[in-house]
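Okay, so here's the structure we're looking at.
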Amino acid sequence: MTSILISSSEEFSGKSSICMGLGKIFQENGLKVGYMKPVGNLLIDVHGSLTDEDSVCIKQLLGIDDPDKYITPIHLTDSLIDDALKSVEKDLDERLIEAFSAVSKDKDVVFIEGTGGIGGGSIYGLSDPEIARKLNSKMLLVTRFDSIFAADRILCDLRIIGNDDMLTGVILNEVPENMLERVSELVVPFFEKRGIRVFGIIAEDITLRSVFISEIVEELHAEVLVAQDKLEQLVERYFVGAMEVGAAIKYFRRQPNSAVITGGDRADLQMAAIESRVKCLILTGNMRPSGAVLASAEEAGIPVILVRGDTMNTIEKMEHLIGHANIKKEVKLERVIELIKNNLDLNAISRSIGVDLNI
């Protein structure tokens, strides 16, 4: 059995996607795969028990049946942090090792997902490098290459790791289209001259940054007024309907896979959005639209959702939701697998942890 810890320079870098994608590919090649996220930081209640949202999703998509208490043995709660600050002794190391022993039983490889940034958890002795050392695991670093300063973050991460042999290599993720050439021709050679293996470059992908309308409804605690059966469609971006109707129609038609946020009293913009075949209408201020708007939306199969909050509050939530889109459904997992197969050196990744995929 071997293991690899997927770490990152920052939150929302794509660790979960890489864990899921690599896990599925290794399974397709006949390997028994285990998964754990030692410290859960996205806590949710499942049947009365606290667990981690990423863990639940990956467990389901990979078909793993290990108990939640082993997949995520430690929960990042306020009491855990307070105890760490008060130097209260906990059994965290014992729980970590016991859980790893359980999830690794009869497995060929275990993917371990880090928590937040690489140094998160240092106050209670469970930063990503500390976990990797305790579990005798290699590390793979995923970095969202949003600017050239991501190179600085990677070099700083290496200093945090403190052991060149522990790091197998890096994946440069979500690289903007206009930076791909520069990253390939300048950044990759820069790292490789310093002995840092770059396993591949993955460009920004609109599908992975999209959200399902059902997720918007859940996040905004919204009421669906029409087209309840159309909530499993993807929204790529959103517009705020606060402009003149003629200009709005031009924007809406250029980006049909969009949501439009507007006040419930703006019937003109609502009808323009429906005529332009946007994906959904988000009406703020708890103001219900006219019957004519609802009838038109229902006929077009466009969900209209009503939220209690004002427009600014709704925009803030949408910004966070689209910027931090999760991989919860098969359609996104399929896209992740496609991107990994097309852009990463899978044989190099597998050999770095002592596994031979022969892809």
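Here is a list: Ala150, Ala132, Ala99, Ala84. Which entry is touching a Phe, Trp or Tyr at 6+ places or on another chain (Cβ under 6 Å) and buried (at least 21 other Cβ atoms within 10 Å of the Cβ)?
Ala99
Given the structure, is Ser17 farther than 19 Å from Ile123 by Cβ, of a type in the set (S, T, N, Q) and in a loop (DSSP other than H, G, I, E, B)?
For Ser17, the condition - farther than 19 Å from Ile123 by Cβ, of a type in the set (S, T, N, Q) and in a loop (DSSP other than H, G, I, E, B) - is not met.
Which ranges mark the strands (runs of 3 or more DSSP E) fully within the range 175-254 that have 1 or more residues being free of Cβ contacts under 8 Å to residues at least 40 places away in the same chain, crowded, with 17+ Cβ neighbours inside 10 Å and of a type outside the set (S, T, N, Q)?
Where strands (runs of 3 or more DSSP E) fall fully within the range 175-254 and carry at least 1 residues being free of Cβ contacts under 8 Å to residues at least 40 places away in the same chain, crowded, with 17+ Cβ neighbours inside 10 Å and of a type outside the set (S, T, N, Q), they are 198-203, 237-240.
So, Gly116, is that one closer than 25 Å to Phe26 by Cα, part of a loop (DSSP other than H, G, I, E, B) and modelled with pLDDT under 90 or not?
Against the criterion (closer than 25 Å to Phe26 by Cα, part of a loop (DSSP other than H, G, I, E, B) and modelled with pLDDT under 90), Gly116 qualifies.
Among the residues of the range 164-178, which ones are of a type outside the set (Asp, Glu), touching a strand residue (DSSP E or B) at 6+ places or on another chain (Cβ under 9 Å) and closer than 13 Å to Ile148 by Cα?
Leu172, Asn173, Val175, Pro176
Return yes or no: is Val170 assigned by TED's automatic domain parsing to the domain that holds Glu28, surrounded by 22 or more Cβ atoms within 10 Å (Cβ to Cβ) and outside any loop (DSSP other than H, G, I, E, B)?
yes
Identify the single condition in (1) buried (at least 20 other Cβ atoms within 10 Å of the Cβ); (2) in a strand (DSSP E or B) that Asp157 does not satisfy, given that it satisfies every other one.
Unmet for Asp157, out of (1) buried (at least 20 other Cβ atoms within 10 Å of the Cβ); (2) in a strand (DSSP E or B): (2).
Give all pairs with beta carbons closer than 9 Å in which a residue from the range 151-166 that is in the same structural domain as Gly116 (by TED's automatic domain parsing) meets a residue that is of a type in the set (Ser, Thr, Tyr) and in a loop (DSSP other than H, G, I, E, B); count only pairs at least 6 apart in sequence or on separate chains.
Arg153/Ser9; Ile154/Ser9; Cys156/Ser9; Asp157/Ser9; Ile160/Ser127; Met166/Ser137
In the set Ser79, Ser7, Ser17, which member is hydroxyl-bearing (Ser, Thr, Tyr), exposed (fewer than 15 other Cβ atoms within 10 Å of the Cβ) and assigned by TED's automatic domain parsing to the domain that holds Gly169?
Answer to the check: Ser79.
Looking at the structure I just gave you, is Leu140 surrounded by 22 or more Cβ atoms within 10 Å (Cβ to Cβ) and assigned by TED's automatic domain parsing to the domain that holds Pro73?
So Leu140 passes the test.
Need a quick list: helices (runs of 4 or more DSSP H) entirely within the range 286-348 having at least 3 residues that are within 22 Å of Arg266 (Cβ to Cβ) and either outside the structural domain of Met271 (by TED's automatic domain parsing) or at pLDDT 90 or above (or both).
Once the helices (runs of 4 or more DSSP H) in the range 286-348 are filtered for at least 3 residues that are within 22 Å of Arg266 (Cβ to Cβ) and either outside the structural domain of Met271 (by TED's automatic domain parsing) or at pLDDT 90 or above (or both), what remains is 291-300.
Restricting to the range 47-74, give me the number of residues that are assigned to a strand (DSSP E or B), at pLDDT below 90 and surrounded by 13 or more Cβ atoms within 10 Å (Cβ to Cβ).
3
Cβ-Cβ distance below 6 Å, separation of 6 or more or different chains: which pairs start in the range 10-27 with a residue that is more than 17 Å from Asp146 (Cα to Cα) and end on one that is among the charged types (D, E, K, R) and surrounded by 22 or more Cβ atoms within 10 Å (Cβ to Cβ)?
These pairs meet every condition: Ser16/Asp54; Cys19/Glu113.
The values are calculated or read from the model by the stated rules, or taken from the named source; none is laboratory data. Only a predicted model underlies this, so the values are computations on that prediction, with no experimental measurement involved. FYI the Cβ positions are ideal-geometry reconstructions off the backbone, even for glycines, and counts take in every protein chain you see.
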